Structures are given as C-alpha cells and as structure tokens.
Amino acid sequence: MKLNSKIPDGPIEKKWDNHRFNLKLVNPANKRKYTIIVVGTGLAGASAAASLGELGYNVLSFSYHESPRRAHSIAAQGGINAPKNYSNDGDSIWRLFYDTVKGGDYRAREANVYRLAQVSGSIIDQCVAQGVPFARDYAGYLDNRSFGGAQVSRTFYARGQTGQQLLLGAYSALCRQMDVGKVKFFARREMLDVVVIDGQARGVICRNLVTGAIEPYVGDAVVLATGGYGNVFYLSTNAKASNATAIWRAYKRGAAFGNPCYTQIHPTCIPQSGEYQSKLTLMSESLRNDGRIWVPKKKGDTRKPEDIPESERDYYLERIYPAFGNLVPRDVASRAAKRMCDDGYGVGSTGRAVYLDFGAAIKRLGKNVIEERYGNLFDMYHEISAEDPYRTPMRIYPAVHYTMGGLWVDYNLMSSIPGMYVVGEANFSDHGANRLGASALMQGLADGYFVLPYTIGDYLATSKFKQVSAEEASFKETQREVGHYVKKMVSINGKKSAEEFHRELGKIMWDNVGMGRNKAGLKKALAKIPKLREEFWSNLKIVGTASELNMELEKAGRVADFLELGELLAYDALHREESCGGHFREEHQTEEGEAKRNDAKFSYVAAWEYAGANKAPILNKEQLKFEYVKPSQRSYK
Amino acid sequence: MNFKLKIWRQKNSTDKGRFVEYLVKNISPDASFLEMLDVLNVELTRRGEEPVAFDHDCREGICGSCGIMINGRAHGPGHGAATCELRMRAFQDNETIVAEPWRAKPFPVLRDLVVDRSSFDRIMVAGGYISAKTGGVPDGNAIPISKPIADQAMDAAACIGCGACVAACPNSSAMLFVAAKVSHLALLPQGQPERKSRVERMVAQMDAEGFGNCSNNYACEAECPKEISVSNIARMNTEYILAKIR
C-alpha cells in the first residue's frame, strides 16, 4: 500500500487556503446528482450530513440508535477549544497549534493540526448562531475556562453538558435538512460492511436492527463517523453501544488503520466499585480548574480525608509540575495517579483512587460559585457514590476514555479506500499520541462543518462513477456474506454470553495493554486474545433469532470485532518500542518516569494493512515531518 | 440484595405482551438498575431464555436512551435522575419491582421495554431548529446575550428527549418536551426570525403524532430527569397564542 498524505505545499499558514482554492468544485446544479452515505450521527457525522445536505447533495444518514441525538458525543462534558483570545491572555491560532502538537507528543501531522486550529473559531460562531447556550458573563459575552495542557483559557462550555448542547445544535441542523428533504435518516441500522466497486467505496450493507433485514444502500461516496474503539477495554467511559464494527469492517476491506495503540486514559473518573459494574463514569477535566488532587503522605493512611491535616497531604501534581499543576495533560495526570497508587498511597477501599478536593475552592469562592460551575457533575458523583463532594473530596481514578488511533486518512480525510472518508474520533488524524481536553468536540465539528464539505467535492468532481444499483453483483455478494456471518453467529449455540466474552477481553486488555505496557505483558495479550476469539466462535450463546430485534446479537457482533481489533492494538503497542503520549512502554521512560520517545526510529504513523484472516498485518509508515514545532522532551514543570 | 421482578415481555409490536416474574439474587446496593438487568440477562442467556430488551447507552443520564416505568413511576423512585442513574439502594431488600415500557400511543412498543420514540424526531424536524447555514454567521461575541436569558435557555435546552414526561402524563402529552425546545429557541435573539412559524409547526406536528393535551397535572415536571420546569409550557402557550393572533 502506498500512503500519500497529500499535505499541500507552502507555508503552514497558507496550506489550507491554497488547498481550498485548488480543490475542484461540483457545480451547484450538479450536486443533487450525487448521493453521499454518512454513517454515524455524532458531532462529526451530524455536522457533515447537515452541511453536505445544505450544499445540495443527497445524503443518507445512518445510526444504530433510534435517533441522531443519542450519539455518544452527547456525553462530552467540559468544553470545546477555540483560540478566540476573548480572555486577552495571549492566545492565538499558533498557540493552539503548538499546544496540540506538543500535547500529542509530536506524533500528529503539523498541517492537519494547524488547519484544525484555524477553523476552530468558526465552530464557535456556528454553534452560537444555531442557538447553543454557551456560558456567558454578566455583560452577555461568551465565557471561557481553562483545560489541561494549556496555560490560556480558551475553552467554551455549556455548564457540564457542552457535548450535549453541541450535538443538539448539529442535530438541529440535521433536522433542518431532513425537513427540506436533503437528508434521509435511517434509524436503528447498523453498518456491517462497505461495498467497494472498481476500487471505489460505493455503498454500505446495514442490518435493520428492528426487523433483522440485511439492507444494501448505494451512494457515490461513504463517510464513516462512527467514533472510537475504547470499549475494546470493556470498562471505559464510552457508551455501552459504542463500537468499532464500521471501521473494522472497512479495515478488512482495505482501509489502513492508523496508530491503534494510541489510547487515552482519562485521569478523572469515578473508580470501579464492583465486579457487576458495566461502565465507568467520567468527571469532566474542567474539575481540575478548581479541584486539587492529592494523596496522604503516609502509605495506607485509612483516616477520612477530612481528618488528614494539610501538612500530611501530598498535592503531587502541584509538587511535581509546578508550572501546570493540576492542569497537566491527561496522559501525565493519569500516569501520576497510577504511580501514586502503585507505590501504596492510593485511597478508598481498593487503594486504586486519589482525592480530588474542592475544599480550598469552596473556601475561596463560596459554594454557590462551585455549584454553578460544576453542579451537575457534583450531583452525578453524589448519585453514583452516595457521597457529597461539597463536604468530602471526590475519589477518582483513570479510565479508558478516547482513542486517538483510527482509520488512516489523508489531508482530505479520505481513507486508503478511494471515496471512503473518515471523520471525528473514527479517524487517526489530529491528536497524535495524546488528545488535549476539549479538543475532541473541536475536531469532530471541524471535520464535519468545515473540512469534509470542501474536500469531498474535489473527489466527486474529479472521479468517474459508473452507474451502480443494489442489484449489482458486488452488492449482492457482500449482502450475502453479511447475512451468512450473522446467521453463523446465532447458530453457534454454546454456553457463554457475549457480555462474558467482552468482560474477559477487557480484562486482558486493561491488564496488559492498559496504562502501562511492557513486552512480556503485550506478548501475553497476543497469546490470550486469539484463544478467547476461538472460544467465542465455538462457545457463544445467543438466544433468539437473527430476524428480529435481538440486542444480544448486536452485542455479539461488536464483541467479535473487538476480539480482532484488540489483537491489532496489542500488536501495534508491541512494535512501537518507545513511549509517547497515551502509549506508555515501561521499558522506555525517563528517570522521573515520564514517557521517553524515540524520534529517530518512531517518528511515523503506523498504518496497518489487513493481510487476511490469521495473517500478520502489514506495517506501512507515513513519516512525520516537523518543520514548525521542534520535537523535544515534553515538560510541564 | 434480592429482588422479585415483574417485567413486561412483548416479542414485537404486534404481540399482546404480559408480565413475567423473575428472581435476582446477590445484587450490590451500589449497582444501577440497568446493571441489575444485565445480571438478569446473563442469567437468562445461560438458561436459554430470551434476555429482556431495553434501550440504554451512556449510562450517565445524558443520552436519553433509557426509560423504564418502575413501580408506576417514570425512571423509578427519586427525582432528577434517569433510569440508568437509579441505584438499587433506592429499593428495599426482597422488594417486588414492576418494570414496564413507556405507555403512550405515539410510543409503540418494539420489544419488551423498548419503545419507538421517532415521533419526537418528527416534531424536531418540524421547525425545532434555527436556520443558520454553515459558515454564513457572525462572530460568536457579536450577539451578546444577558446571562439570565442564556441561563434560562440552557435550563430548557437541558432536555434529553427521553419521553418520561409523556409516560408520566395521564394524557400522554408531549407538551414539556416541545415547550423545552420552543422556549430554548424563543428566549434567544438568534431564534427570533422563525419564532412564530416554529411554535405553530411543532405544535401541529405534536398533535398529528397523537400526543394529548396538557391539563396541568405537572407529573411531567415531577418525573423529568433534568427537572425541566412546567413554566416552559406556559411560555409555549403564550408563544402559540401570539403567533396565532398577530
């Protein structure tokens, strides 16, 4: 496979402008002759579908949910970044670009990141115009707060529900296009394969989750906006249905998978409390604005946190990283918490937690201010833990949250299958090895509102399309394969539920491919996963049939793909003999326990190519060039 | 903790449906209601019985997917929380718990506890938006909005579209859901140009879907997981009258 990133020439500030001018256009009257399939309705998918519909294309939008508004973007809490410099604290496009490249530990494409920083301001304008009720100050202007990895306040927010409000904004834009008939929405459809004809992505095969029918859909281009694969770890902050099936099936049809081992562990989640637990709950990073993180100075201190005097508390982030303090990037904060717990300073019944304390902030600002800023998060914590965080510090621990890896795309967001685009978390593009807080919403909406609508036109204008219908042999063949696959799964009739397999896989992943990784552990995971997969295909139990609403079958299909993806993830982690961002190889750390990169050997994107069942995937490398931000050992001290 | 469950089982939208009793044992009081159903479902699968279908996703009270009528209350006992946020410590040990789907004509049951709420989408499609084209908009700070107004709009916009208001209402009215969107957009300066047509169209669609009217029962507000105020319904009524007489 030959990877061409198609990064435009010229100085970085001019690349996107020049590129937009050079892109071929589809004449307004011709746009209605094209049909674009958009899978997923989160921030990236909904904004893309709405914007493409507005331009005049016919859009078919798909979701496995009942409504576009259920997509998991809805759960993002803290905010969205944009270098508006409304806070007058020295922010600029360049600074956001710099922070993001550095935050990603120098493993992202400079040109993509710069473009992201450039268009991010327009996102805020767009959302305001749609009626997104961002937080305001008393003069009526937009308010900002700080987030990890930055020393400026550039994060726009709507209480602790920013993702919800941005998604409802994009959903409303989508509704408008549904109203005028440019977007047709298909609810409860799960994409199970992509159809490639003459080397071009020309459609998808979906399972109708209500009737079980295997349905073909034809288009001129396919956009995957299907989110990340964090649920490969079973326990994560992702929604229960979040899955990798769409991108995994695309991978098996020829789309390269970029940097699967770059997974983000979020530092502030509610710790696991029991074996029955089905998911972990995130507490927004914005809490680190006012909350102080600490552990007792004495190992195994069992006193209540309020009984431990100031002098016996170790505010370790403030101690180790005085410049950034509690606002260090996520990977740094997570690893520090893990180290503290590994060393025996952890708190709570399991010893796997640290305190996030608002005592000082409440004293300084008053309970009202804290309630206004974080009220819904405090309520959520209270609801889950039955403890009142206004009185006693929260207990938090890191959890899997986001995946920087995803399908490889070029500067136009096109995958290695011509005509198949990948946007949002599903692609690998902008965050390198670690994503900064409040940047996922930014990237999803940048891709959907302001990048894809331009770049996809160039492909449509410059490609030849043969007339294709669902009766075409390739469609029929893929449809048959998918139907066969689904039936095979239902007919195994073993003894174990998909849920149990998923938990087992999650344990293998978390123990060996989690926050700290080493050669022996990764090899163990690579030995265990294929065995579990084999057991899955001989001992899975699904009650019910494939021709009805069958949620166990849906779950099993997703677990089957995680059982393959998990292996690629471990394989990539084993090959990357360095530590960078969220990928921490214990063999490669500085004396202080920070991630130690190896730029000479690993300054590239690992784009894996599917080579067939039970064959080792093929490694393709896209070398990264840093012309503007010089890679150095990241320091937040 | 142990519980006796009476769960509504219905194979599909044409099946008549019935309650079936199950026993669940050794449930942690910290487990959520949905995690308790997970335990039941793994057990049912092992026994070769069909697991209970229920909608759920984020499990932190924001996606609006889950919605179960528990002991006759939308989202169960307690206030300001969705079903997924409900913990088993809210129940007594050995209590009998009745779980049913939302009951309303515009929410047909698809299976067990899963209903079809696409009528909500159709109401939103009928004007529940501001027609701001991508790109053609002014700077965010060019539209100052006073903090109290922005806060009120946010209170209304917090609706998660779960349908508890409809399920709780004796008339199966969707007024709180529709009013939340009408209020959110009518309060903001950006929402002014389409203010009249929006309320007219959304209300017309709401009626066409077969939702009932409001008779000031206030059950919707009491059961709303986001505690959206019924004052939004009053605002919508005013908006509607003004749209009709002007």
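With (1) surrounded by 24 or more Cβ atoms within 10 Å (Cβ to Cβ); (2) at positive phi as the list, and A:GLY325 as the residue in question, which single condition is left unmet?
In the conditions (1) surrounded by 24 or more Cβ atoms within 10 Å (Cβ to Cβ); (2) at positive phi, A:GLY325 misses (1) alone.
Condition check ((1) more than 10 Å from every other protein chain (Cβ to nearest Cβ); (2) under 16 Å from A:ALA573 (Cα atoms)) across all residues:
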residue: A:LYS495; (1), (2): no, no
residue: A:GLU504; (1), (2): yes, no
residue: A:MET515; (1), (2): yes, yes
residue: A:PRO530; (1), (2): yes, no
residue: A:LEU549; (1), (2): no, no
residue: A:LEU553; (1), (2): yes, no
residue: A:ALA560; (1), (2): yes, no
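Output the number of the condition that A:ASP99 fails; it satisfies all remaining conditions of (1) without any contact (Cβ under 8 Å) to a residue 12 or more places away in the chain; (2) more than 13 Å from chain B (Cβ to nearest Cβ); (3) of a type outside the set (Val, Ile, Thr).
The number of the failed condition is (1).
Across segment A:141-155, what is the number of residues that are more than 8 Å from chain B (Cβ to nearest Cβ) and either hydrophobic (A, V, I, L, M, F, W, C) or not in a loop (DSSP other than H, G, I, E, B) (or both)?
Qualifying residue count, segment A:141-155: 8.
Regarding B:VAL52, is this residue part of a strand (DSSP E or B), within 20 Å of B:LEU110 (Cβ to Cβ) and either more than 7 Å from chain A (Cβ to nearest Cβ) or at pLDDT 95 or above (or both)?
So B:VAL52 does not fit the description; no.
Test of understanding: among A:ASN539, A:ASN614, which residue is of a type outside the set (Lys, Arg), over 26 Å from the mean Cα position of the chain (by Cα) and within 14 Å of chain B (Cβ to nearest Cβ)?
Checking each option against the conditions leaves just A:ASN539.
Being in a helix (DSSP H, G or I), buried (at least 20 other Cβ atoms within 10 Å of the Cβ) and of a type in the set (Lys, Arg) is the filter here, so list the residues in segment A:552-602 that pass it.
The answer is A:LYS555, A:ARG558.
State all residues of segment A:66-83 that are in contact (Cβ under 8 Å) with a residue 40 or more places away in the chain and within 7 Å of chain B (Cβ to nearest Cβ); if no residue qualifies, say none.
Listed by number, the residues that qualify are A:GLU66, A:SER67, A:ARG69, A:HIS72, A:ILE74, A:ALA75.
Considering segment A:265-292 alone, what residues qualify as being closer than 18 Å to A:ALA360 by Cβ and outside any helix (DSSP H, G or I)?
A:THR268, A:MET283, A:ASP290, A:GLY291, A:ARG292
Of the residues A:ASP331, A:ASP388, A:ASP410, only one is in contact (Cβ under 8 Å) with a residue 60 or more places away in the chain and in a loop (DSSP other than H, G, I, E, B); which?
So the residue among A:ASP331, A:ASP388, A:ASP410 that is in contact (Cβ under 8 Å) with a residue 60 or more places away in the chain and in a loop (DSSP other than H, G, I, E, B) is A:ASP410.
Yes or no, residue by residue, for (1) outside any helix (DSSP H, G or I); (2) within 11 Å of another protein chain (Cβ to nearest Cβ); (3) more than 16 Å from A:GLY437 (Cβ to Cβ); (4) in contact with a Leu (Cβ under 7 Å, 6 or more places away or on another chain):
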{"residue": "A:ALA139", "(1), (2), (3), (4)": "yes, yes, yes, no"}
{"residue": "A:ALA158", "(1), (2), (3), (4)": "yes, yes, no, no"}
{"residue": "A:GLN164", "(1), (2), (3), (4)": "no, yes, yes, no"}
{"residue": "A:LEU167", "(1), (2), (3), (4)": "no, yes, yes, yes"}
{"residue": "A:TYR171", "(1), (2), (3), (4)": "no, yes, yes, no"}
{"residue": "A:LEU174", "(1), (2), (3), (4)": "no, yes, yes, no"}
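Quick one: in segment B:2-49, which of the residues that are in contact (Cβ under 8 Å) with a residue 24 or more places away in the chain, of a type in the set (Ser, Thr, Tyr) and more than 7 Å from every other protein chain (Cβ to nearest Cβ) is nearest to A:GLN272 (Cα to Cα)?
B:SER32
Pull up segment B:207-229, narrow it to residues that are aliphatic (A, V, I, L, M) and closer than 23 Å to B:CYS66 by Cβ, then point me to the one that is surrounded by the fewest Cβ atoms within 10 Å (Cβ to Cβ).
B:ALA222
Can you name every residue in segment A:339-360 that is under 23 Å from A:THR590 (Cα atoms), touching a residue at least 24 places away in the same chain (Cβ under 8 Å) and either surrounded by fewer than 17 Cβ atoms within 10 Å (Cβ to Cβ) or more than 29 Å from the chain's Cα centre (by Cα) (or both)?
A:ARG339, A:ASP343, A:GLY344, A:TYR345, listed by residue number.
So which residues in segment B:156-180 are more than 9 Å from chain A (Cβ to nearest Cβ) and of a type outside the set (A, V, I, L, M), if there are any at all?
Scanning segment B:156-180 gives B:CYS162, B:GLY163, B:CYS165, B:CYS169, B:PRO170, B:ASN171, B:SER172, B:SER173, B:PHE177.
Report, by residue number, each residue of segment A:476-524 that is over 23 Å from the mean Cα position of the chain (by Cα), farther than 27 Å from A:MET191 by Cα and part of a helix (DSSP H, G or I).
Of everything in segment A:476-524, those that are over 23 Å from the mean Cα position of the chain (by Cα), farther than 27 Å from A:MET191 by Cα and part of a helix (DSSP H, G or I) turn out to be A:LYS519, A:ALA520, A:GLY521, A:LYS523, A:LYS524.
Quick one: B:ALA222 ticks every box in (1) under 24 Å from B:PRO108 (Cα atoms); (2) assigned to a helix (DSSP H, G or I); (3) touching a helix residue (DSSP H, G or I) at 6+ places or on another chain (Cβ under 6 Å); (4) of a type outside the set (Val, Ile, Thr) except a single one, so which number is it?
With respect to (1) under 24 Å from B:PRO108 (Cα atoms); (2) assigned to a helix (DSSP H, G or I); (3) touching a helix residue (DSSP H, G or I) at 6+ places or on another chain (Cβ under 6 Å); (4) of a type outside the set (Val, Ile, Thr), B:ALA222 is out only on (3).
What about A:GLY181, is it part of a loop (DSSP other than H, G, I, E, B), at pLDDT 95 or above and in the same structural domain as A:ALA44 (by TED's automatic domain parsing)?
yes
Of all helices (runs of 4 or more DSSP H) completely enclosed by segment B:145-216, which ones contain at least 2 residues that are touching a Pro at 6+ places or on another chain (Cβ under 6 Å)?
It comes to B:147-157.
Of all residues in segment A:313-324, which are within 18 Å of A:MET394 (Cα to Cα) and not aromatic (Phe, Trp, Tyr)?
A:ARG313, A:ASP314, A:LEU317, A:GLU318
Tell me which helices (runs of 4 or more DSSP H) are completely within segment A:1-69 and hold 3 or more residues being in contact with a helix residue (DSSP H, G or I) (Cβ under 6 Å, 6 or more places away or on another chain), at pLDDT 95 or above and among the hydrophobic types (A, V, I, L, M, F, W, C), or say none if there are none.
It comes to A:43-55.
Out of A:SER87, A:SER120, which single residue is surrounded by 24 or more Cβ atoms within 10 Å (Cβ to Cβ), polar (S, T, N, Q) and in contact (Cβ under 8 Å) with a residue 60 or more places away in the chain?
Going through A:SER87, A:SER120 in turn, the sole match is A:SER120.
Here are some residues: B:ARG73, B:ARG103. Which one is of a type in the set (Lys, Arg), closer than 20 Å to B:SER173 by Cβ, out of contact with any helix residue (DSSP H, G or I) (no Cβ under 6 Å at 6 or more places or on another chain) and surrounded by 16 or more Cβ atoms within 10 Å (Cβ to Cβ)?
Of B:ARG73, B:ARG103, the one residue that is of a type in the set (Lys, Arg), closer than 20 Å to B:SER173 by Cβ, out of contact with any helix residue (DSSP H, G or I) (no Cβ under 6 Å at 6 or more places or on another chain) and surrounded by 16 or more Cβ atoms within 10 Å (Cβ to Cβ) is B:ARG73.
May I ask you to verify whether B:VAL230 is farther than 24 Å from B:HIS75 by Cβ and out of contact with any strand residue (DSSP E or B) (no Cβ under 7 Å at 6 or more places or on another chain)?
no
Go through segment B:85-107 and report how many residues are touching a residue at least 24 places away in the same chain (Cβ under 8 Å) and more than 11 Å from chain A (Cβ to nearest Cβ).
Residues in segment B:85-107 being touching a residue at least 24 places away in the same chain (Cβ under 8 Å) and more than 11 Å from chain A (Cβ to nearest Cβ): 15 in total.
In segment A:74-130, what residues are part of a loop (DSSP other than H, G, I, E, B), of a type in the set (S, T, N, Q) and closer than 11 Å to A:ARG154 by Cα?
Across segment A:74-130, the qualifying residues are A:ASN85, A:SER87, A:ASN88, A:SER92.
Being of a type outside the set (S, T, N, Q) and at pLDDT below 95 is the requirement here; does A:PHE147 meet it?
Judged against the criteria, A:PHE147 is a match.
The values are calculated or read from the model by the stated rules, or taken from the named source; none is laboratory data. Because the structure is a prediction, the values reported are computed rather than measured. Every residue, glycine as well, gets a Cβ built from its backbone with ideal geometry; the counts of neighbours run over all protein chains shown.
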